[in-house]
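All remarks here apply to the structure that follows.
Coordinate-derived values only; no laboratory data. Keep in mind that what you see is a predicted model, and the values were worked out from it rather than measured. Please note: Cβ atoms are built from the backbone with ideal geometry, for glycine as well, and neighbour counts cover all protein chains shown.
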Amino acid sequence: MAVLIFFAIHWYVSLFFQSFFMHRYAAHGHFSMSRFWEKFFYIGSFITQGSSYISPHTYGLMHRLHHAHTDLPEDPHSPHNTPNMFLMMWVTRNNYFNLWIGKTSAEEKYHKDLPQWEAFDRFAHNWIARVIWGLAYFAFYWYFATAWWQWLFLPMTLAMGSLHGVAVNWWAHKFGYENYKMANTSKNILPVDLLFVGEAYHNNHHKYPGRPNNAVKWFEFDLTYFISRGLDKIGVIKLKEQRNHGIF
Ligand SMILES: [Zn+2]
Ligand SMILES: [Zn+2]
């Protein structure tokens, strides 16, 4: 039971940091925050993603390229460029890594206002940190697992960040409903998004990438936007105006 509770909490908290900080703040600049809070969420991304941590800076850069080249050969992770989900994960990993080490460069406009904390990334992105996280997860499962099948969750725990990436980016460009006819394949995965903290409304998001609220229909609910409004009220962030234009 402890393993399942841990997995569920890890799923949502890790996804929230990816959605709130990496996607909406780093890539799209839906809100602003002080240097203190930026560092706080940087560190929070590392703690919640653990062994699968990726740099919010490089994530933001890669995600902007996804919006600019959706479904085209230059798209860093379109399911329409690869025959299956696993190959897409591999290609995405390589595209991310090439941006991370600077082997691939992106035009200057894609770098604008991306958060950056190189010293921290050097530490958090290191394979030693990943191994330590892996051992910590293993120890947790070793201590708390009460049935063999609970160990099946360990690979997903180890790859949590990538799992979220592939779940949204594969599924949301393959299956779901459309509120808007687009020149790309983006879909809304679930009408009531209980799994992806508001990231399921991917068709809405591609239509209005600059809009902090991904929900548009009465039944759609964007949890991350709801929390963002709370953080705006208490002064942690400052939400920008709803913008219905712009690539990012
Ligand atoms: Zn997309
Ligand atoms: Zn986006």
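Among the residues of the stretch 75-104, write down those that are touching a helix residue (DSSP H, G or I) at 6+ places or on another chain (Cβ under 9 Å) and within 23 Å of residue 183 (Cβ to Cβ).
Of everything in the stretch 75-104, those that are touching a helix residue (DSSP H, G or I) at 6+ places or on another chain (Cβ under 9 Å) and within 23 Å of residue 183 (Cβ to Cβ) turn out to be 75, 76, 77, 78, 79, 81, 82, 88, 91, 92, 95.
Going through the stretch 1-57 one residue at a time, which ones are within 17 Å of residue 117 (Cβ to Cβ), among the hydroxyl-bearing types (Ser, Thr, Tyr) and more than 14 Å from ligand 2 (Cβ to nearest atom)?
Within the stretch 1-57, 32, 34, 42, 45, 48, 53, 55 meet the criteria.
Go through the residues of the stretch 214-225 one by one and say whether even a single one is closer than 29 Å to residue 72 by Cα, within 15 Å of ligand 1 (Cβ to nearest atom) and under 20 Å from the mean Cα position of the chain (by Cα).
Looking for residues that are closer than 29 Å to residue 72 by Cα, within 15 Å of ligand 1 (Cβ to nearest atom) and under 20 Å from the mean Cα position of the chain (by Cα), one finds at least one in the stretch 214-225, hence yes.
What residue, of 241, 199, is surrounded by fewer than 22 Cβ atoms within 10 Å (Cβ to Cβ) and not hydrophobic (A, V, I, L, M, F, W, C)? Spell out how you get there, then give the answer.
Numbers: 199 fails: surrounded by fewer than 22 Cβ atoms within 10 Å (Cβ to Cβ).
That would be 241, the only listed residue that is surrounded by fewer than 22 Cβ atoms within 10 Å (Cβ to Cβ) and not hydrophobic (A, V, I, L, M, F, W, C).
Taking residue 186, is it under 30 Å from residue 226 (Cα atoms) and in a helix (DSSP H, G or I)? Give the steps one after another, and end with the answer.
Working: under 30 Å from residue 226 (Cα atoms): yes; in a helix (DSSP H, G or I): no.
Answer is no for this residue.
Which of the residues spanning the stretch 53-71 are within 21 Å of residue 125 (Cα to Cα), small (Gly, Ala, Ser) and out of contact with any His (no Cβ under 7 Å at 6 or more places or on another chain)?
Once the filter is applied, which keeps residues that are within 21 Å of residue 125 (Cα to Cα), small (Gly, Ala, Ser) and out of contact with any His (no Cβ under 7 Å at 6 or more places or on another chain), the stretch 53-71 yields only 60.
I'd like the full set of residues that are part of a helix (DSSP H, G or I), more than 21 Å from residue 134 (Cα to Cα) and either touching a Cys at 6+ places or on another chain (Cβ under 8 Å) or touching a residue at least 12 places away in the same chain (Cβ under 8 Å) (or both), limited to the stretch 23-44.
First pass over the stretch 23-44, keeping only residues part of a helix (DSSP H, G or I): 23-27, 35-44.
Checking which are more than 21 Å from residue 134 (Cα to Cα) leaves us with 23-27, 35-41.
Result: 23, 24, 25, 26, 27, 37, 38, 39, 41.
Output the number of residues of the stretch 89-105 satisfying the condition of being surrounded by 15 or more Cβ atoms within 10 Å (Cβ to Cβ) and either hydrophobic (A, V, I, L, M, F, W, C) or more than 16 Å from the chain's Cα centre (by Cα) (or both).
Residues in the stretch 89-105 being surrounded by 15 or more Cβ atoms within 10 Å (Cβ to Cβ) and either hydrophobic (A, V, I, L, M, F, W, C) or more than 16 Å from the chain's Cα centre (by Cα) (or both): 6 in total.
Just one of (1) in contact with a helix residue (DSSP H, G or I) (Cβ under 8 Å, 6 or more places away or on another chain); (2) hydrophobic (A, V, I, L, M, F, W, C); (3) surrounded by fewer than 16 Cβ atoms within 10 Å (Cβ to Cβ) trips up residue 154, so point out which.
With respect to (1) in contact with a helix residue (DSSP H, G or I) (Cβ under 8 Å, 6 or more places away or on another chain); (2) hydrophobic (A, V, I, L, M, F, W, C); (3) surrounded by fewer than 16 Cβ atoms within 10 Å (Cβ to Cβ), residue 154 is out only on (3).
Looking at the structure I just gave you, is residue 146 more than 16 Å from residue 17 (Cα to Cα), more than 16 Å from ligand 1 (Cβ to nearest atom) and polar (S, T, N, Q)? So that I can check it myself, show each step before the final result.
Details: more than 16 Å from residue 17 (Cα to Cα): yes; more than 16 Å from ligand 1 (Cβ to nearest atom): yes; polar (S, T, N, Q): yes.
Yes.
Please pick out the residue among 17, 31 that is under 15 Å from the mean Cα position of the chain (by Cα) and under 19 Å from residue 234 (Cβ atoms).
Working: 31 fails: under 15 Å from the mean Cα position of the chain (by Cα).
Result of the check over 17, 31: 17.
Taking only the stretch 178-206 into account, find how many residues are under 16 Å from residue 12 (Cα atoms) and within 12 Å of ligand 2 (Cβ to nearest atom).
Total meeting the criteria: 2.
Pairs only if they're at least six apart or on different chains, beta carbon under 6 angstrom, first in the stretch 66-88 and surrounded by 21 or more Cβ atoms within 10 Å (Cβ to Cβ), second outside any loop (DSSP other than H, G, I, E, B) and polar (S, T, N, Q); list them, first residue then second.
Taking only residues 6 or more apart or on different chains, the pairs are 76/95; 77/92; 77/169.
Identify, please: which residue in the stretch 167-182 is within 12 Å of ligand 1 (Cβ to nearest atom) and of a type outside the set (Gly, Ala, Ser) and is, among those, surrounded by the most Cβ atoms within 10 Å (Cβ to Cβ)? Spell out the reasoning first.
From the stretch 167-182, those within 12 Å of ligand 1 (Cβ to nearest atom) are 168-174, 176, 182; that's our starting set.
Remaining after also requiring of a type outside the set (Gly, Ala, Ser): 168-171, 173-174, 182.
Working: 168: 22, 169: 23, 170: 20, 171: 19, 173: 25, 174: 13, 182: 14.
This residue is 173.
Counting just the residues of the stretch 45-91 that are of a type in the set (Ser, Thr, Tyr) and outside any loop (DSSP other than H, G, I, E, B), which one comes out nearest to ligand 1 (Cβ to nearest atom)? Walk me through how you get there before you give the answer.
Let us first name the residues in the stretch 45-91 that are of a type in the set (Ser, Thr, Tyr), namely 45, 48, 51-53, 55, 58-59, 70, 78, 82.
Those still in the list that are outside any loop (DSSP other than H, G, I, E, B) too: 45, 48, 51-52, 58-59.
On the way: 45: 20, 48: 22, 51: 25, 52: 20, 58: 17, 59: 14 Å.
Among those residues, the one meeting the criterion is 59.
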